[in-house]
Structure formats: structure tokens, C-alpha cells
Amino acid sequence: MTSAERDAGLRIVFAGTPDFAAHHLQALLDSHHRVVGVYTQPDRPAGRGKKLRPSPVKVLAESHDLPVYQPERLKGDAARAELAALEADLMVVVAYGLLLPQSILDTPRLGCINVHASLLPRWRGAAPIQRAIEAGDQVSGVTIMQMDAGLDTGAMLVKAECTIDPEDTGGSLHDKLLEVGGPALLDALAQLAEGRARPESQDDSEANYAAKFSKNEAALDWHQSAERLALKVRAFNPFPVATTRESGSADRIRLWQAHALPQTADAAPGTVVATGAEGIDVACGEGCLRLTRIQLPGKKALPVADLLRGHPQLLSPGTVLELPA
């Protein structure tokens, strides 16, 4: 590539779907690089009316008059030919949601790179942000890596760290990673454009799989320790949100904030042992979990002190919360 071509920036195809991806697309649009096409997931039903809703990436792309492609899959000669016609130097992939076959990975001149929300190889997979909090990690970050046929196994180009503070949730850590992800991506692009990238192989022995969350995981198992459950509440905020319910009730209570107490109650796991303005204390397998912000069915989330003013008998001591089968 000539110096004039470097100054003009790379021709980039972007592939991504959620808000996290849209933020990185915006970073590219604000740079001197040229986005020549955008891939995103097909519109999906959402909301109570189940109307088709475009992804955040599609909304942003269309606001900049970029061509948008929404294939159900990226396989076959036709998909490769469509991508090749864009004559991209590079494909940037951020939380796209589709696997890229080798034929697609090989199509752009410089291949494909991925923005991954973890300090690889620590968390590979779909939910690295939440799994890092759930595991009690104290540091996270973003890794820009070259893509290969494996699941987040490619060589690393740039890593940018951020701390996980004791009060961080899945939502707040997501926002922290947005702040470091954009600059890290632009750094990696500069290295590739200037031919000074030095890819670093991952150590597979240090890898963990960050499986996508299921709604079943959101129901707390009170046999677990209060420390572990507090981590889950933070990790599951704002999605899928930790839940519980009174034994025998079908109504789920969503748990938005909680913290562990060191004392162990003389009560069976899942039993409410104290209720007051500071929170609702629930006995766990080890220690007690104090619920401080919860959401009753059909209501908005509120601090426990506010809820008790309108519902003084809410989860009174002796109430038993559901235990897993």
C-alpha cells in the first residue's frame, strides 16, 4: 500500500448487530477510514407487538446511507461473491452473531478482525462481559484479534484493559468497554495499514468458555453462597436480570441490586430472615444476601425502602423463596 493509500484510509466492511457493535461502527465513521458496506442480523420481532425491529447497527448504517446486507447465513459462493464485490481491504466484526466460514475470512485483502469484550484468552464465547463479573474477575478489557476458523482463537493485535469495580454490573462494564474498544480498534487498523502489526498467539490453556445466558440461569439457587449470588445479581443486570419468587407463587420478582452479608443465619437457604429499610436479608448456603433494589411483577424497579412503604408485609421474615428442583 502506498503512503497516499494509507492516508486515504482502509476500505472496510463492518459486521455487527447490537449497541456494542454500533458504538464501534461510529468510531469507524468518525475516522479517516471508509466503510463501504455493513452486515447485520435480519430484523427480529421485538416488544409486545412483536413488530420487526432493525438492529442498532442497521439504524446507524442507514442514517449514513451505507449499503446494508442482512443474510440469514454467510455460506456459499453467492455470499462470498457479494462480499468480494465490495473490494474491501478488511472486515471488522463486532458481536455480529453469525459464524464466518473460511471462504469469507479469506475474502478481504487483509482478512477479518474481531473486537472481543474480554482480555483474551480469558473469556471466549458469547457472554464475556457477564461471565467476567460472575467469576469475580477484577479486570477486563477489549481484545482486537485476527479471525480464524476457531471460536475467538485468533492471534491478538491490541489489548486494552479496564478495572471491574465492586459495584460494576453487566451494564456498567459494557459501557466501560465501549470507552476502550473504539481507540483499540483504531490502533489495530493503523498497525495493519502501516504494516507494523505483530500478532500474538493465544495461550489456549488459559481460555474459558463464556456461554450465552439462558433465562433459567436467572433464577437464584439459594443453596449457593451469598458471595456467589451477589456476583450473579451484578452480572445479570441489565440482562437477563436475576429472579426469585415465593414458594408456591408463579410471580417472579426481579432482583436488580444486592450484596452479601458475612453473617450466617440460623435458617434454611431461601428463608427471609430480616426485612427493613436497608434491605431484605435472605439466608443462603453460606452467609446472607441483602436485596436492596427489586422489581415486583408489572411494576418498576425500586429500592426496598420505597417498596416497603407501600407494601409493609412484603417478603416479611419467615417467607420462603423458591428453591430449584
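The numbers here are math on the coordinates, done by the rules we state, and not lab data. A quick note: this is a predicted structure, and the numbers were derived from the prediction, not measured. FYI the Cβ positions are ideal-geometry reconstructions off the backbone, even for glycines, and counts take in every protein chain you see.
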Given charges of +1 on the Cβ of Lys and Arg and -1 on the Cβ of Asp and Glu, with all other atoms neutral, how large is the dipole of the chain about its Cα centre, in debye to the nearest 20? 1040
Mean separation of Cα pairs under 8 Å and 6+ residues apart, divided by the residue count of the stretch 215-310: what relative contact order is that in percent? 27
Restricting attention to the stretch 151-222, which trypsin sites (Lys or Arg not before Pro) occupy a DSSP loop and are surrounded by at most 10 other Cβ atoms within 10 Å? Arg196, Lys212
One computes Rg over Rh for the chain from alpha-carbon atoms, with the Kirkwood Rh, and obtains 1.06
Distance from the stretch 55-117 to the stretch 225-290 (C-alpha centre basis), Å: 43
Residue farthest toward the positive end of the dipole of the stretch 3-210, with Cβ of Lys/Arg at +1 and Asp/Glu at -1: which of Gly111, Pro45, Ser63? Pro45
Rank Asp165, Asp266, Asp221 by mean-square fluctuation in a GNM of the chain with C-alpha springs under 10 angstrom and give only the top-ranked residue. Asp266
Go through the stretch 34-111 and name the trypsin sites (Lys or Arg not before Pro) that are in a DSSP coil and have 16 or fewer other Cβ atoms within 10 Å of their Cβ. Arg48, Lys50, Arg73, Lys75, Arg109
To the nearest 500 deg cm²/dmol, what mean residue ellipticity at 222 nm is calculated for the chain from DSSP H runs of n ≥ 4 alone, each contributing -39,500 (n - 2.57), summed and divided by the residues? -7500 deg cm²/dmol
For the pair Arg196 and Lys212, the simple spin-label estimate (label points 7 Å beyond Cα toward Cβ) gives in nm 4.0
Dipole of the stretch 215-310 [Lys/Arg +1, Asp/Glu -1 at C-beta], most positive-end residue of Val282, Trp222, Phe236: Phe236
DSSP loop (so not H, G, I, E, B), at most 16 other Cβ within 10 Å: list which GluC sites (Glu not before Pro) in the stretch 267-325 pass both filters. Glu278
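Placing +1 at every Lys and Arg Cβ and -1 at every Asp and Glu Cβ, with all other atoms neutral, what dipole size does the stretch 127-284 have around its Cα centre, in debye to the nearest 20?
About 420 debye.
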Candidate aspartates and glutamates - alpha carbon under 16 Å from Lys176, same-chain residues fewer than 8 apart omitted: Asp19, Asp137, Glu161, Asp165, Glu167, Asp168
Of Pro303, Pro312, Pro54, which has the largest mean-square fluctuation in a 10 Å C-alpha GNM of the chain? Pro312
So how strong a dipole does the stretch 16-126 carry about its Cα centre when Lys and Arg Cβ are +1 and Asp and Glu Cβ are -1, to the nearest 20 debye? 580
If we count other beta carbons within 10 Å of each Cβ, what is the order of Ser316, Ser214, Ser140, fewest first? Ser214, Ser316, Ser140
Under 15 Å Cα to Cα from Lys300, which aspartates and glutamates show up? Leave out anything in the same chain fewer than 8 places away. Asp251
